[in-house]
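The values are calculated or read from the model by the stated rules, or taken from the named source; none is laboratory data. Predicted model only: the values in this text are computed from it and were never measured. Note that we place each Cβ from the backbone using ideal geometry, even for glycine, and neighbour counts take in every protein chain shown. The accessibility values were calculated without ligands, DNA or RNA, using every heavy atom of the protein model including side chains. Shrake-Rupley method; radii C 1.70, N 1.55, O 1.52, S 1.80 Å.
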Amino acid sequence: MSTGTTQSPFFSWSRWLDRSSVLLFFIIWELLPKAGGLLETFIAPPSLVFKTLWETYQAGELLGHVGVSLGRAVSGFIAAALVAIPSGFILGGSFRTIERLVSPVLRFLGQLNPFSLFPLFIMFLGIGELSKGAMIFWVCIWPILFNTINGVKEIDPLLIKSARSMGTGIVTLFFKVILPAATPGIFHGLKMGSGTAFFMLIAAEMIGASRGLGWLVWNAQTNFQIPQLFAATVTISILGLALNGVFSLLEKALLGWRQNSHA
Amino acid sequence: MGTVADNYKDAASADAKIVVRDINWVFHLKRTRTEPARDFIALEDINLEVKKGEFLVLVGPSGCGKSTLLDILAGLAHPTSGAVYIDGKQVSGPALDRGIVLQGYALFPWRTVRQNVEFGLEIKKVPKGERKAISDRFIKLVGLDGFADRFPHELSGGMKQRVAIARALAYDPDILLMDEPFAAVDAQTRENLQDELLRIWEETKKTIVFVTHSIEEAAFLGDRVAVLTANPGTLREIVKIDLPRPRTNSDIRSSAEFGWVRHKIWELLQNHQPEVRGAIDSRPVADAISPSAEL
Ligand SMILES: Nc1ncnc2c1ncn2[C@@H]1O[C@H](COP(=O)(O)OP(=O)(O)OP(=O)(O)O)[C@@H](O)[C@H]1O
Ligand SMILES: [Mg+2]
């Protein structure tokens, strides 16, 4: 975009800073355990962590755990989006009165702590995949729903008016105006939902699971395998970063027209 | 219903493109719990005819209902009472025979200049190749060639305004409704666009209803200028403008007739009793031209 030219020197500068700070972080992390004592017992240096990571990968276990975790997160997330986005359009667009009536209830439900609900999910849905899927579904649906409602509500009425003046029918109006105009809101909701989903999934897997990255952390902790613990944590962070990256790319593709999308 | 249709038949002249009959527009203002709801009359008993191919300009103080009237003509708003007829048929909603340039740009921010201009053509289901040719032409017409692939947020206010004009022109409506379309452009561009609009109008024989706050612009563009008053919005008088056509900014502005018309509209807006024409004609033109021609 045209803004790129003015910002690129700043960008490379900050990227250089980012890189050097990451490097510094790894050096300190590597050196810290060498101080001995408790630090040596509880902190695994990166060299050891990545060695363990490699070994776990070689043993063919790592990808399996990653796959299980991702599968749960993605399916819960998609299910939530499939329910929340249409509901958001209905509540934010056509049925404002209903939205006003149910909004307090929805807000209350959205505030319920998913951890305290997890035992309930397990009770109703068993310890298997369904209870974790339900947990992800639960944490994703609220940000997506609320942001879709707001996104639809905040569409500039002038745009609708302008489209209607050209004789736009209701279906075309939806796909050519309402949907693109609401996309920033929806996208924001999806991004928030995906972040919490991943976060909560790891926690859920630590509470009740027999596979997955969360379980890997929990397992390493119970067996006091510090390098394993660090390896699992690092994997989770890398996945989290990848998730952010995917959303940044999506944002560029879907919302490149926005003023601040490149900032 | 029947009576309105009869009214129409009684009153409309044969070459009328737009007939506005007894339009009233009332807002029901809901205040607080304690204060009772009260009605606000935005438009009262508006009767108006616009001939086929005519250029009618609406002027009036802010809040007198010009935009509301345009919305009603576009079919975007239904009058509280009364009716609008286009080619003898009562308006029931918006259609592609009327193009409106709304006050404010109302561009789709996710569409480039070209895609904005092509919106109406997409609705009209014009094939892609043809769309491109048409949008090219109108983007060029409003002087935005080279900006076709920019997004609205990358344009200045005046450029956005020009995109909105190109968008309304592109799908070739019979009637153009324009709500202060040149309000946000500089004086030079404004004069160019005025000349350009007159050229397009003379070429395409479109019927144009044009809202402006500039008396100069009204006098320069219009066949007739309808002056509205506020509270409630009523039609005060229609001033006929007999300046020769084709008009261009360079040769019209210095003419005595232009000065007189300008002064007359100014007076109507000031709510003065308009002077008798002869009295003004005997004075030097410079005196007749008010220094505050711009509202
Ligand atoms: N939604 C609304 N509710 C109540 N009153 C409204 C509403 N929209 C407009 N009005 C009132 O109707 C009147 C006419 O508004 P309108 O926008 O048509 O004026 P206008 O002549 O176009 O003014 P301007 O020259 O400032 O654009 C104004 O007094 C305004 O306050
Ligand atoms: Mg207005």
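Annotations for the structure displayed:
- When B:R167, B:R150 are checked against the criterion of being crowded, with 23+ Cβ neighbours inside 10 Å and away from ligand 2 (no atom under 16 Å from the Cβ), B:R167 stands alone in meeting it.
- Reported count of residues in segment B:77-106, each being under 15 Å from the mean Cα position of the chain (by Cα) and within 16 Å of ligand 1 (Cβ to nearest atom), is 6.
- Hey, B:L107 crowded, with 22+ Cβ neighbours inside 10 Å, within 20 Å of A:Q259 (Cα to Cα) and either modelled with pLDDT under 90 or of a type outside the set (D, E, K, R) (or both) or not: yes
Let's see how each residue does on (1) at pLDDT below 85; (2) in a helix (DSSP H, G or I); (3) surrounded by 10 or more Cβ atoms within 10 Å (Cβ to Cβ):
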| position | (1), (2), (3) |
| --- | --- |
| A:S8 | yes, yes, yes |
| A:W16 | yes, yes, yes |
| A:I27 | no, yes, yes |
| A:T41 | yes, yes, yes |
| A:A44 | yes, no, yes |
| A:W54 | no, yes, yes |
| A:H65 | no, yes, yes |
| A:V68 | no, yes, yes |
| A:G76 | no, yes, yes |
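- Elements of the type helices (runs of 4 or more DSSP H) sitting completely within segment A:133-234 and holding at least 2 residues that are crowded, with 17+ Cβ neighbours inside 10 Å and either in contact (Cβ under 8 Å) with a residue 12 or more places away in the chain or among the acidic types (D, E) (or both): these cover A:157-165, A:179-207, A:213-222.
- Selection from segment B:176-200 of residues that are within 16 Å of ligand 1 (Cβ to nearest atom) and either out of contact with any Leu (no Cβ under 6 Å at 6 or more places or on another chain) or open to solvent by 30 Å² or more (accessible area, probe 1.4 Å) (or both): B:M178, B:E180, B:P181, B:A183, B:A184
- The listed residue being without any contact (Cβ under 8 Å) to a residue 12 or more places away in the chain and under 30 Å from B:A16 (Cβ atoms), out of B:K140, B:K89: B:K89
- Residue satisfying condition, being within 21 Å of the chain's Cα centre (by Cα) and crowded, with 17+ Cβ neighbours inside 10 Å, within set B:V142, B:V126: B:V142
- For segment B:90-100, a residue qualifies if it is touching a Phe, Trp or Tyr at 6+ places or on another chain (Cβ under 9 Å) and either more than 8 Å from chain A (Cβ to nearest Cβ) or at pLDDT 90 or above (or both), and the qualifying residues are B:Q90, B:V91, B:G99.
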